[in-house]
Amino acid sequence: MFAVVLTGVVAGGTTAHADGRPLLYFNHAYGVLDRETADAIEDSAYLREFADFQVRTTTGADGQTWTGRYLMGRETYVELFGVGDLAGPDGTLGAAGLGVSAERAGDLARAVDRLPSFGVAEPVLFQQTRDFGDGVPVPWFDAVFTDTRYDAFGAWGMEYRPEYFADPRGDTEPASGPGDVGRERYLSDAYAGHLMRDVTSVRLGVTAADLADTVPLLRAGGFSVRTLPGGGVVADDGMTRVRLDPVPREDAGLRHIGFALDRSVAERHVERIGNSALVVGPGAGASWTFTGGAE
């Protein structure tokens, strides 16, 4: 999804926050779903009630474009595609990605400085831009990959740029204090008119190689990372839990999303959307399971 633009070495500190807070937090995850499910999501009236739901086309670096289906929360969101919506291998069934982002200016640099201690000798730095339609790219966020090679899943660290926050077309919020480059500032408050508040968990099947490339970024970002029997991992930033299970490429993909709701609901509701089921309530949580589908 990202054109890689190599930048200079990012300067910054070498340790996480003294109070134990992560340097990077779950920002969003994306997955490429079977066409039936992707089309059903795009056409779903229920999702437009459940969440701040958007279908939009974005133009990034080097004129790359992608059209996604978005469920936007207070601080976190989900980005969903159908087969063929992204170019090349990124648009194949089961491809997925994970973005983890800084809340404070300079925290991405600190995480990058920590990567060599977790086995990443040469992090790949790049800057993503956004074109709002006038042909003039606006710096959007700085980012880092641990490797440019991947089977079906890629994770990146990111930090939103001040130029993006300064552009009124970004529809972002004022800073809550010095150095605020956080997720809540980036996202609008439109979530408040819907049930979905935030993403509390995601589960994905990834290849062993992709898993090995991802764990150093999560550790450098200050996630609590626990290895599971069978080789999978659970990584937690204090609000969102990410589970990555090692699987063959043909079994890779987005499997589950958990949500916190903005209010409690009394009754359980099951909404079937293509080859997926969104279960809402009872209580203040929801669970969306994807069962896949042949192309």
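The values are calculated or read from the model by the stated rules, or taken from the named source; none is laboratory data. The shown structure was predicted, so the numbers you read here are calculated from the model rather than taken from an experiment. Because the Cβ atoms are built from the backbone with ideal geometry, glycine has one as well, and the counts that use them run over all protein chains shown. Ligands, DNA and RNA are excluded from the accessible area calculation, which covers all protein heavy atoms including side chains. Shrake-Rupley method; radii C 1.70, N 1.55, O 1.52, S 1.80 Å.
The figures follow:
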| quantity | calculated |
| --- | --- |
| Hits in the stretch 222-275 - residues which are of a type in the set (D, E, K, R) and touching a helix residue (DSSP H, G or I) at 6+ places or on another chain (Cβ under 8 Å) | ASP262, GLU271 |
| Residue pairs meeting the criteria (Cβ under 6 Å; at least 6 apart or on separate chains; first more than 16 Å from ASP147 (Cα to Cα), in the stretch 94-117; second in a helix (DSSP H, G or I)) | ALA102/LEU108 |
| Unmet criterion (only one of (1) touching a strand residue (DSSP E or B) at 6+ places or on another chain (Cβ under 9 Å); (2) free of Cβ contacts under 8 Å to residues at least 24 places away in the same chain; (3) open to solvent by 40 Å² or more (accessible area, probe 1.4 Å)) for PRO123 | (3) |
| Verdict on TYR25 being in contact with a Gly (Cβ under 6 Å, 6 or more places away or on another chain) and not aliphatic (A, V, I, L, M) | no |
| Conditions (1) touching a helix residue (DSSP H, G or I) at 6+ places or on another chain (Cβ under 6 Å); (2) in contact (Cβ under 8 Å) with a residue 40 or more places away in the chain; (3) not β-branched (Val, Ile, Thr); number of the one not met by PRO139 | (2) |
| Members of the stretch 55-109 found to be open to solvent by 10 Å² or more (accessible area, probe 1.4 Å), of a type outside the set (S, T, N, Q) and assigned to a loop (DSSP other than H, G, I, E, B), listed by number | ARG74, GLU75, VAL83, GLY84, ASP85, LEU86, ALA87, LEU93, GLU103, ALA105, GLY106 |
| Output for the stretch 247-295, where each listed residue is in a loop (DSSP other than H, G, I, E, B), closer than 20 Å to LEU33 by Cα and open to solvent by less than 20 Å² (accessible area, probe 1.4 Å) | ALA252, ILE273 |
